[in-house]
Amino acid sequence: MKIRRPWFISLLAGVFFVLVYVAAATVGIPLPERLSLALVFLVAPAAILGVLAIRRWLGGVVSSPFMALGLDAGAVFLAIAFAFFDLMIIVQQTVRFFYRDLLAAENNAAAAETLRLAYRLVNPVQMGIDIAFDVFYCLGIVLVSSVMLAKGRFERITGWYGILTAAGLLAFNLWTFPKPPADSGLIDLGPATAVWWIAVIVQVSRANRKTGGD
């Protein structure tokens, strides 16, 4: 099979970056550190391109100004969320790299302990950015999923799944703030939203295949 068709390439790219996100959030990426970081840094730009494609795909079902506002707001919220995601990852890894290098070069035990204390004080900054990501991310999925309820049966199922998982993720994060849900005895529903993304990517790719030809 020749992989030349844009819809198929976008399908593979979309699923690939979803898997990168899930791996980074759970078990880690089994690749050299620099390569794995580069892939994680590219998740957000790829996701924003995906959001634009989703916005275009759902534009045909908009039947009221209220629905149009919800779709536009959802797309904007998701774009903001992924900008926060890149900011969070880059701040997290920058702090980690500087801390690791400074600690490795420090021979004084007291100074090393001071570095550890400084790291524990500074590192929560990226956790706060992560909460900001979750707020816009969850609201964006809820709004976009609400518009999906106006499409076909498969889209409605995907829409309800997105609404429930995103609302649950947001509720858990707000309830356990400033700690992540996983550190507070609750389930982290973030990876569960990956199912929503894969389902939407498949549906958008199918639509592009029909309109763009085989």
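Brief remarks on what is shown
- Positive dipole terminus of the chain, leading residue within Ser63, Ala194, Leu169 (C-beta point charges): Ser63
- Calculated on alpha-carbon atoms, Rg and Dmax of segment 75-129 in Å: 14.7, 51
- Volume of the Cα convex hull of segment 53-93, divided per residue and given in Å³: 47 Å³
- Test item: Cα-centred dipole of the chain, Lys/Arg +1 and Asp/Glu -1 on Cβ, debye: 960 debye
- For segment 56-170, Kirkwood radius (reciprocal of mean inverse C-alpha pair distance, Å): 16.5 Å
- Principal-axis tilt of helix 33-58 within the chain, Cα atoms, nearest 10 degrees: 30 degrees
- Taking the charge dipole of the chain about its Cα centre, with +1 at Lys and Arg Cβ atoms and -1 at Asp and Glu Cβ atoms, the residue from Trp160, Phe82, Leu103 reaching farthest to the positive side is Trp160.
- Convex hull volume per residue for the chain, taking Cα atoms only, in Å³: 129 Å³
- Semi-axes of the equivalent ellipsoid of segment 107-214 are 40, 17, 10 Å, computed as sqrt(5λ) over the eigenvalues of the C-alpha gyration tensor in descending order.
- Rh by Kirkwood over Cα pairs, then Stokes-Einstein D for segment 99-165 at 1.306 mPa s and 10 °C, µm²/s: 104 µm²/s
- Whole-Hz couplings from phi, Karplus 6.51/-1.76/1.60, listed for segment 164-181; x for Gly and Pro: 5, 5, 5, 5, x, 4, 5, 4, 5, 5, 6, 5, 9, 3, x, 7, x, x
- When shorter helices are ignored and each DSSP H run of at least 4 residues is given -39500 (n - 2.57), the per-residue value for the chain at 222 nm works out to -28000 deg cm²/dmol.
Here, each number is a calculation from the coordinates, and none is a lab measurement. Given the structure is predicted, the values throughout are model-derived calculations rather than measurements. Ideal geometry is used to build each Cβ from the backbone, glycine not excepted, and the neighbour counts take in all protein chains shown.
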